[in-house]
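Peer 1: This is the structure I want to talk about, given as structure tokens.
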Amino acid sequence: MRVPQRIIQRIDRRRFLLGAGGAVLALPMLEAHAPRVAFGASAGPPQRLIVLLHSHGRVVGGNHDSGSPADNWSPSSKTGPLPETGDLSPLLAAIGDVRKEVVTIDQVDNLVRHMTGDADGHLSAELTCLTCLQPKVPLVSGAGPSIDYVAGLRLRASESQKANILFPSTPVPNFITDTQQFRGANGTSPALMNLPPADAAKSLFAGVQPPGGDMPPPPPTKTLSDRLTARRPSILDAVAKDFVALEKSVGPADQQRLAQHAQFLQSLEAQVSGGSGMVTPLEACSPPDTSKIPSANDYTKADDHDWTRGYWEAMMWKYNVENMVQSLACDVTRVAGLQFLLSDGPVFPSEFTGTSPLDGDVNWHATIHNTDTPDRPMAGTLTQAYQFYGQVFTYLVQRLAAIADVDGSRLLDNTLVVWNSDLGYGAGHFCFNHPIVMAGMGSKFANGQGRHLVCDGRRSLGDLWAQVLRMLGGSDTTFGTDGKVGDGGVSGDKLLANLGAPGNFITANTPLHLGELDL
């Protein structure tokens, strides 16, 4: 019987993939042929990102009438090693225990904020500090996704994995519905874990089975499709001989690239065949025991205080951070944000003995406005309160360092942590000289960690976030809006000078990207 020609010529999906697998194997340009920088997913453990954000920047300082704003955040006036002992600086005293894991950075500015024409500075700063995009007019929402969402789309194992999760420092049910700084797709609201820690843990880890658990879930009933798929060899299995032969004939750099390419093919095959990607909880994945986390009702022990003053935050922050760390360890997500939400009247009760000097009629926000130099009366109080942020940062870094990754390295070694603020100096709503601390992923810091960097000639937040994406495997040279400050339609330099840095260096002709940071 003659087989119809249309059947002979038909190529089913499996046959196409098998042929494509052999062809695609040869696609990577190897070092032996044309040396270049490799971008994309790296072999080994997944890469991860955590972004921390607090309000009001360097809460002490900002008077730039003299041309040199004084503050007590900077560890040094020049680039070099951080102090081996003692406090790094008054505001950074609480991060001394992780000094060898960090790089502190001076002279990075939010230039896009100056494209808005917003004379006040709060909203325009919030909308741009993580997106670096010129906001929509009127200033009501962000113009696009923030750095965490952009990175999350690239780093996630598959579309079924959350690109990013934002953890507010003070989650209050049915109250917090949005954030101006962290943005999702097209500038929409992010994936917000707006629950008390116990409820958040139940939501985050529902269905997560830690490796080595006592009661593994029963295997699902196999469908006909499952059984047929199991009988088919992997694309890589079909080209294994060619792969091994090629691997033996090239140098170490190309062997690593081939391994990366094989990992890419496995991921591609899983996506085409309907798989869920390479989501794999670490051995250290250990969802918190919700019975040991205070419930929402327990937080009312301080019910004689307004929750916005920080009493709930002081009680719940460690549980919140643990949820965030375990969301990475259990591969629920590979990108997370932690936003210190209270920006107006927190009293930071954990940082003071007895009644906080910020309690009562004293207002955190207003006090910052009145403390534009370190010699103001409330500078010491603000500095002591600021240690709360440093303690949370330190605890987070230490928790990441204590968890073993899939290859035996530390979770911290494969997680980049960036701590930033929505302003440079809150006293004047200035967006120059953002306080930036980076930790983790030490192999990506060419000059090492335990170091303070004063950027030569200044840099922009767009430069910083583009470099973060490169550290995570991308080839980005810019992030957010490109061009010049004046492209935003601001006429003249007067407004820019009033909100600018010492010397009024921010003008309409200032480029939004100034080059990479010397990390």
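Each row is one residue, and each column tells you yes or no for (1) in the same structural domain as THR383 (by TED's automatic domain parsing); (2) closer than 15 Å to MET438 by Cα; (3) under 17 Å from the mean Cα position of the chain (by Cα).
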site	(1), (2), (3)
LYS78	yes, no, no
PRO81	yes, yes, no
ALA93	yes, no, no
THR104	yes, yes, yes
GLN107	yes, yes, no
LYS136	yes, no, no
SER146	yes, no, yes
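Peer 1: Give the number of residues within segment 98-119 that are assigned to a strand (DSSP E or B) and surrounded by 24 or more Cβ atoms within 10 Å (Cβ to Cβ).
Peer 2: Matching residues across segment 98-119 total 5.
Peer 1: Please find, among THR371, THR383, the residue that is in the same structural domain as ALA125 (by TED's automatic domain parsing), assigned to a loop (DSSP other than H, G, I, E, B) and not acidic (Asp, Glu). Steps first, please.
Peer 2: On the way: THR383 fails: assigned to a loop (DSSP other than H, G, I, E, B).
On inspection, the qualifying residue turns out to be THR371.
Peer 1: Moving on. Of the conditions (1) out of contact with any helix residue (DSSP H, G or I) (no Cβ under 9 Å at 6 or more places or on another chain); (2) surrounded by 12 or more Cβ atoms within 10 Å (Cβ to Cβ); (3) at pLDDT below 90; (4) of a type outside the set (A, V, I, L, M), PRO28 clears all except one; give me its number.
Peer 2: (1)
Peer 1: Residues of segment 184-202 being assigned to a loop (DSSP other than H, G, I, E, B) and not small (Gly, Ala, Ser), which ones?
Peer 2: Taking segment 184-202 as the starting set, the residues that turn out to be assigned to a loop (DSSP other than H, G, I, E, B) are 184, 188-191, 193-196.
Matches in segment 184-202: THR188, PRO190, MET193, ASN194, LEU195, PRO196.
Peer 1: Name the residue, out of GLY62, GLY80, that is surrounded by 24 or more Cβ atoms within 10 Å (Cβ to Cβ), more than 20 Å from PHE340 (Cα to Cα) and in contact (Cβ under 8 Å) with a residue 40 or more places away in the chain. Spell out how you get there, then give the answer.
Peer 2: Working: GLY80 fails: surrounded by 24 or more Cβ atoms within 10 Å (Cβ to Cβ).
Just one listed residue meets the conditions, GLY62.
Peer 1: Continuing with this model, one more query. Among the numbered conditions (1) in contact with a helix residue (DSSP H, G or I) (Cβ under 7 Å, 6 or more places away or on another chain); (2) surrounded by 16 or more Cβ atoms within 10 Å (Cβ to Cβ); (3) under 26 Å from ILE147 (Cβ atoms), tell me where GLU351 comes up short.
Peer 2: Failing condition for GLU351: (3).
Peer 1: Ok, one more. Out of curiosity, is ALA385 over 23 Å from GLY57 (Cβ atoms) and not aromatic (Phe, Trp, Tyr)? Before you say what the answer is, go through the steps one by one.
Peer 2: Numbers: over 23 Å from GLY57 (Cβ atoms): no; not aromatic (Phe, Trp, Tyr): yes.
Judged against the criteria, ALA385 is not a match.
Peer 1: Let me ask another. Can you tell me which residues in segment 353-375 are under 15 Å from GLY428 (Cβ atoms) and without any contact (Cβ under 8 Å) to a residue 24 or more places away in the chain?
Peer 2: Within segment 353-375, ALA366, THR367 qualify.
Peer 1: Residue by residue through segment 125-153, note down the ones that are modelled with pLDDT under 90, of a type in the set (Gly, Ala, Ser) and in contact with a Leu (Cβ under 6 Å, 6 or more places away or on another chain).
Peer 2: Selection gives GLY142, ALA143, GLY144.
Peer 1: Sort through GLY448, GLY442 and tell me the only one that's surrounded by fewer than 24 Cβ atoms within 10 Å (Cβ to Cβ), over 27 Å from ASP118 (Cα atoms) and free of Cβ contacts under 8 Å to residues at least 24 places away in the same chain. Working first, answer last.
Peer 2: Details: GLY442 fails: free of Cβ contacts under 8 Å to residues at least 24 places away in the same chain.
GLY448 is the lone residue from the list that is surrounded by fewer than 24 Cβ atoms within 10 Å (Cβ to Cβ), over 27 Å from ASP118 (Cα atoms) and free of Cβ contacts under 8 Å to residues at least 24 places away in the same chain.
Peer 1: For segment 178-198, name all the residues that are within 19 Å of ASP422 (Cβ to Cβ), hydrophobic (A, V, I, L, M, F, W, C) and surrounded by fewer than 22 Cβ atoms within 10 Å (Cβ to Cβ).
Peer 2: LEU192
Peer 1: For segment 134-153, check the following and say yes or no: at least one residue is in contact (Cβ under 8 Å) with a residue 60 or more places away in the chain, β-branched (Val, Ile, Thr) and not in a helix (DSSP H, G or I).
Peer 2: No: segment 134-153 contains no residue that is in contact (Cβ under 8 Å) with a residue 60 or more places away in the chain, β-branched (Val, Ile, Thr) and not in a helix (DSSP H, G or I).
Okay, residues lined up against (1) more than 24 Å from ASN72 (Cα to Cα); (2) at pLDDT below 95:
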position	(1), (2)
ASN297	yes, yes
THR300	yes, yes
ALA329	yes, no
SER343	no, yes
THR355	yes, yes
ILE368	no, no
PRO374	no, yes
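Peer 1: Surrounded by 22 or more Cβ atoms within 10 Å (Cβ to Cβ), within 26 Å of GLY489 (Cβ to Cβ) and at pLDDT below 95: does that describe PRO168?
Peer 2: Numbers: surrounded by 22 or more Cβ atoms within 10 Å (Cβ to Cβ): yes; within 26 Å of GLY489 (Cβ to Cβ): no; at pLDDT below 95: yes.
No: the conditions fail for PRO168.
Each row is one residue, and each column tells you yes or no for (1) in contact with a helix residue (DSSP H, G or I) (Cβ under 6 Å, 6 or more places away or on another chain); (2) assigned by TED's automatic domain parsing to the domain that holds SER146; (3) at pLDDT below 65; (4) part of a loop (DSSP other than H, G, I, E, B).
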site: PHE479; (1), (2), (3), (4): yes, yes, no, yes
site: ASP482; (1), (2), (3), (4): no, yes, no, yes
site: ASP487; (1), (2), (3), (4): no, yes, no, no
site: GLY492; (1), (2), (3), (4): no, yes, yes, yes
site: LEU496; (1), (2), (3), (4): yes, yes, no, no
site: GLY500; (1), (2), (3), (4): no, yes, no, yes
site: HIS513; (1), (2), (3), (4): yes, no, no, yes
site: LEU517; (1), (2), (3), (4): yes, no, no, yes
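The values are calculated or read from the model by the stated rules, or taken from the named source; none is laboratory data. On a predicted model such as this, the values are computed, not experimentally measured, just so you know. In this analysis, Cβ positions are derived from the backbone assuming ideal geometry, glycine residues included, and neighbour counts consider all displayed protein chains.
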